[in-house]
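Everything below concerns the one structure shown next.
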Amino acid sequence: MSLTGTPFLCTLAVLCVLALGLPLVLWSRVRGPRAVRALARVFMLLFAQLTAVALVFTLVNNANQLYDDWGDLLGTADHVEHAADLGADGTGGMSLERLPRVRQTFGPARGPGMRAAGGVQVTKLEGRVSGVRGEVYVWLPPQYDDPAWRGHRFPVVEMLPGHPGSAKAWFGTLDVHEQMLPLMRSGRIAPFVLVSPRTTLVPGADTGCANLPGKVNADSWLSVDVPRMVMDNFRVQRAPQGWAVAGYSAGGHCATKLAVAHPDRYRAAVSLSGYNDPAAERTSLTGRDPALRTAHNPLTLLREAVAPPRISLYLSGQRGDGYEDALALGRAAKPPTSVQVVKLPRNAGGHTMALWRPQVVPAFRWLTEELDGQRTVSHRPPVTPPGPSSAGARPGAPASGSASPAAAARTR
């Protein structure tokens with residue numbers, strides 16, 4: 001029975017009703033010695049509490065898409081076949097152009113929200129370079145099958161969840177495809193192909209989207225295997241032009257790091273409440289070792305880059321939750337690196353989906369300008385509308401509209 005399926009949820013609901021009714025019906029009817037009666041009544045109370053806790057957990061999990069299946073929840077799933085040392089570029093010296101094309105079969109994705117807005121597709125991918133195997137979800141814009149767009153190659157946004165987090169979360173909780181569909185139809189947002197790969201690869205740990213020989217090659221999975229599969233199966237632009245990566249929380253950290261480390265694979269990145277230091281996530285594999293913390297900190301990567309990467313970053317956060325880290329990246333950036341920092345008000349919500357859902361549209365408006373080559377330093381910055389949990393909140397104001405350290409410093 002699926003962890004996120006309707007049958008499991010209904011079963012728990014029935015058990016909760018049964019657990020509530022048992023004490024009402026049987027409490028005074030229990031027979032036997034005093035110890036037996038006491039034990040039976042304790043069992044009924046524990047049964048009622050456990051079923052209630054399980055139902056609440058399932059509702060929360062379904063609403064936030066934290067754990068996709070039992071393997072993720074129990075820490076028994078392992079999606080790493082092998083983790084060879086792939087070197088600095090994450091390819092292991094392979095000539096990617098010479099590899100056979102990756103042909104995948106896609107089917108309709110199941111779960112909350114997955115059938116909305118034309119439906120989401122899913123495939124099981126075995127990464128030839130990374131040694132990782134996992135699901136990849138893909139949503140195609142309304143123009144994709146339009147005969148008038150037959151020869152058009154579409155831009156791509158690769159979307160990463162937080163930790164713990166399901167690859168379905170962008171669709172099932174943030175409703176990205178439902179929010180984008182009318183805006184793409186009207187031409188207000190570019191028709192992006194949306195891709196969400198599995199990021200929970202190692203039991204009980206956050207990979208930090210890093211290549212760690214002997215453990216996992218998460219970087220190569222996300223920046224090599226998944227993009228190559230998408231380019232081989234869909235009518236999309238070649239990387240890096242037209243390719244962006246976006247994430248929230250731990251996924252925001254990954255999005256920034258991947259873009260800074262691989263400007264040859266991504267042109268832009270969006271980070272919602274992300275962070276720089278991997279140790280901000282207590283289960284991060286890269287946060288447990290001082291050397292790895294430094295090597296996988298996007299701020300360090302940006303400062304120590306041989307040449308400033310030609311990328312654009314959209315970074316949003318509240319004070320104490322991503323905002324200061326975003327400012328630090330803005331101060332470190334030098335042209336052609338561009339950094340847009342958006343400060344969110346404290347009353348816009350906490351570190352939850354309620355905070356990030358209203359930021360989806362502004363972020364994609366920004367991506368439309370960046371990937372269409374229409375960026376101007378003086379353009380009006382995106383505004384984050386208040387979410388359902390932030391009634392009365394004022395829209396988030398930009399903290400920095402350029403990559404200039406001086407401009408960033410003026411906002412402090």
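General remarks:
- Condition met for ARG288 (at pLDDT below 95, assigned by TED's automatic domain parsing to the domain that holds VAL157 and not hydroxyl-bearing (Ser, Thr, Tyr)): yes
- In the stretch 15-58, the residues that are within 36 Å of the chain's Cα centre (by Cα) and either within 27 Å of PRO164 (Cβ to Cβ) or not in a helix (DSSP H, G or I) (or both): LEU15, CYS16, GLN49, LEU50, THR51, ALA52, VAL53, ALA54, LEU55, VAL56, PHE57, THR58
- Residue identified as under 11 Å from the mean Cα position of the chain (by Cα) and of a type in the set (A, V, I, L, M) among ALA259, ALA250: ALA250
- Residues in the stretch 66-90 that are under 13 Å from SER2 (Cα atoms) and either modelled with pLDDT of 90 or more or of a type outside the set (A, V, I, L, M) (or both): 6 in all.
- When the stretch 88-135 is filtered for residues that are in a loop (DSSP other than H, G, I, E, B), surrounded by 13 or more Cβ atoms within 10 Å (Cβ to Cβ) and small (Gly, Ala, Ser), the ones remaining, listed by number, are GLY90, GLY92, ALA109, GLY111, GLY113, ALA116, ALA117, GLY118, GLY119, GLY127, SER130, GLY131.
- Residues that are among the charged types (D, E, K, R), within 21 Å of GLN241 (Cα to Cα) and either surrounded by fewer than 21 Cβ atoms within 10 Å (Cβ to Cβ) or in contact with an Asp or Glu (Cβ under 9 Å, 6 or more places away or on another chain) (or both) within the stretch 141-183 comprise ARG150, ARG153, listed in sequence order.
- Test: THR58 is surrounded by fewer than 14 Cβ atoms within 10 Å (Cβ to Cβ), in contact with a Phe, Trp or Tyr (Cβ under 9 Å, 6 or more places away or on another chain), within 29 Å of GLY111 (Cβ to Cβ) and modelled with pLDDT under 85: no
- THR286 being touching a Leu at 6+ places or on another chain (Cβ under 7 Å) and either without any contact (Cβ under 8 Å) to a residue 24 or more places away in the chain or part of a loop (DSSP other than H, G, I, E, B) (or both): yes
- The stretch 11-25 residues that are of a type in the set (Gly, Ala, Ser), paired with ones that are surrounded by 14 or more Cβ atoms within 10 Å (Cβ to Cβ) (beta carbon under 8 Å, 6 or more apart): ALA13/LEU55; ALA19/MET44; ALA19/PHE47; ALA19/ALA48; ALA19/THR51; ALA19/ALA52
- LEU50 vs. criteria loosely packed, with under 14 Cβ neighbours inside 10 Å, modelled with pLDDT of 80 or more and not assigned by TED's automatic domain parsing to the domain that holds ASP206: yes
- Filter result for VAL120 (of a type outside the set (Ser, Thr, Tyr), closer than 30 Å to SER196 by Cα and at pLDDT 90 or above): yes
- A Cβ distance below 6 Å, combined with a sequence gap of six or more or placement on separate chains, defines the contacts here; from the stretch 226-244, residues that are under 19 Å from PHE364 (Cβ atoms) reach residues that are of a type in the set (Ser, Thr, Tyr) and surrounded by 20 or more Cβ atoms within 10 Å (Cβ to Cβ) in the pairs PRO240/TYR266; TRP243/TYR266.
- One residue stands out in the stretch 250-280 among those that are in a strand (DSSP E or B) and of a type in the set (A, V, I, L, M, F, W, C): the one that is surrounded by the fewest Cβ atoms within 10 Å (Cβ to Cβ), namely ALA268.
The values are calculated or read from the model by the stated rules, or taken from the named source; none is laboratory data. Keep in mind that what you see is a predicted model, and the values were worked out from it rather than measured. All Cβ positions, glycine included, derive from the backbone under ideal geometry; neighbour counts span all protein chains shown.
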